[in-house]
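The values are calculated or read from the model by the stated rules, or taken from the named source; none is laboratory data. If you're wondering where the values come from, they're calculated on a predicted model, not measured in any experiment. As a convention, Cβ positions derive from the backbone with ideal geometry for all residues, glycine included, and neighbour counts pool all protein chains shown. All accessible areas refer to the heavy atoms of the entire protein, side chains included, with ligands and DNA or RNA removed. Shrake-Rupley method; radii C 1.70, N 1.55, O 1.52, S 1.80 Å.
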Amino acid sequence: MILMLFLAFSLSLVSGAEVESTKDHHFDVLILTQHWPYTTCIDWEESGSTHKCREITHANWTVHGLWPTQWGKIAPGFCNNSWKFDHDLLKPIMTDMSLYWPDVEMRDQPDSLWTHEWTKHGTCAAQLPETNSEVAYFSKGCELAQENRITDWLEIAGVVPSNDASYSLEDVWDAVMKGTGGMRPHIDCVKIDGQVFISEIKVCYSKNFSRVNCDGIRSGVGGHMMGKCLRYGRFSYPSSADRFSYLYSADHEGSEPHLLSNSGLIGGIVCTVLALSAVGLAVGYMLYRRSRRRGRGYESL
């Protein structure tokens, strides 16, 4: 019996090794994903009562990841689980990492974003000579961030972070299209407790690191524009991580949010004082929603 169990265990190890060795690690395109730090922070803090963010001293669009991707799939990933992330290897480029690829979310694990991005995506990108090591992968991401200055592209088009303004996807799309030289991006929004925020902008590259259209990647496509922002009429481009600065009435999806002005907020506070019972119900509802939400975080990406 012991011999039979040993043989069965040995066969399972061999089978597992064969599956790992035959796993499809090829990819067609690399997706440079940049995120807006205030939206990332709002989403992270809202997903857990103990979640905190690092101080954002200079808000810019920064790298979330550089993702080797097969057309129409969320793959490949985790191409070499034995190739562990090593913080010390990044010391020569730490200035660039802090500027172009900072980790906004505060977690118990140090370097949580960088560890995840290397383990899941960097080990797959290592097939290319330009990204064939940890330092090469992260250096390339920083280099591409310098080529894709989304903050500047939007500002030139009059799309700037604001407490009061809202924007349409077309506003952002046209600005990014000019920046990429006509290569079609993918622009995502996230809805957090009834409020819609722009979250990520993806620019795609071929394996020789020339910009290409993002048309073949998975997710929302509508008309001539692409991305999850298509689900909503308008959205906020937050200028701080204070979610309550962007409160608006939660219309049905696809409609325009009605942002509250400062005077509106004051009026809302007065009304709240006069309607304590309504406030109690609202707070209870928000706590219920928070307890029901899944933590988004980097690990889901």
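List of remarks:
- In segment 112-137, residue least open to solvent (accessible area, probe 1.4 Å) [restricted to those that are farther than 23 Å from Glu46 by Cβ and among the charged types (D, E, K, R)]: Glu134
- Scanning segment 213-233 for residues that are open to solvent by 40 Å² or more (accessible area, probe 1.4 Å) and touching a strand residue (DSSP E or B) at 6+ places or on another chain (Cβ under 6 Å) gives Lys228, Leu230.
- For the criterion of being closer than 20 Å to Leu128 by Cα and assigned to a strand (DSSP E or B), Cys189 fails.
- Where a residue in segment 126-152 is in a helix (DSSP H, G or I) and its partner, wherever it lies, is open to solvent by less than 70 Å² (accessible area, probe 1.4 Å) and of a type in the set (D, E, K, R), with Cβ under 8 Å and at least six apart: Glu130/Lys140; Thr131/Lys140; Glu134/Asp86; Ser139/Asp96; Cys142/Asp96
- Segment 192-215, subset outside any loop (DSSP other than H, G, I, E, B) and among the charged types (D, E, K, R), residue farthest from Trp44 (Cα to Cα): Arg211
- Number of the condition not met by Leu144 [criteria: (1) over 21 Å from His51 (Cβ atoms); (2) open to solvent by 30 Å² or more (accessible area, probe 1.4 Å)]: (2)
- If you go through segment 32-61 and pick out every residue that is within 11 Å of the chain's Cα centre (by Cα) and open to solvent by less than 10 Å² (accessible area, probe 1.4 Å), you end up with 8.
- Where Leu169 falls short, out of the listed (1) open to solvent by 50 Å² or more (accessible area, probe 1.4 Å); (2) over 20 Å from Cys41 (Cβ atoms): (1)
- Only one entry of Trp67, Trp71 meets the criterion of being of a type in the set (Phe, Trp, Tyr) and under 18 Å from the mean Cα position of the chain (by Cα), and that entry is Trp67.
- Whether a residue is in a strand (DSSP E or B) and either surrounded by 13 or more Cβ atoms within 10 Å (Cβ to Cβ) or at pLDDT below 95 (or both) was assessed, and Leu90 does not pass this test.
- Taking every residue in segment 225-239 that is closer than 17 Å to Cys214 by Cβ and pairing it with any residue that is surrounded by fewer than 20 Cβ atoms within 10 Å (Cβ to Cβ) and hydroxyl-bearing (Ser, Thr, Tyr), at least 6 positions away or on another chain, the pairs with Cβ-Cβ distances below 8 Å are Met226/Ser219; Gly227/Ser219; Lys228/Ser219.
- Residue in segment 113-123 that is among the basic types (Lys, Arg) and farther than 15 Å from Trp67 by Cβ present: no
- Any chance Ile192 is under 13 Å from Gln34 (Cα atoms), in contact with a helix residue (DSSP H, G or I) (Cβ under 7 Å, 6 or more places away or on another chain) and open to solvent by less than 20 Å² (accessible area, probe 1.4 Å): no
- Candidate set from segment 76-87 (those that are hydrophobic (A, V, I, L, M, F, W, C) and on the phi < 0 side of the Ramachandran plot); member that is least open to solvent (accessible area, probe 1.4 Å): Cys79
- Qualifying positions in segment 165-185 - part of a helix (DSSP H, G or I) and either touching a Cys at 6+ places or on another chain (Cβ under 8 Å) or touching a residue at least 40 places away in the same chain (Cβ under 8 Å) (or both): Leu169, Glu170, Val172, Trp173
- Qualifying residue in segment 94-102 (condition: farther than 21 Å from Leu144 by Cα and touching a residue at least 40 places away in the same chain (Cβ under 8 Å)): no
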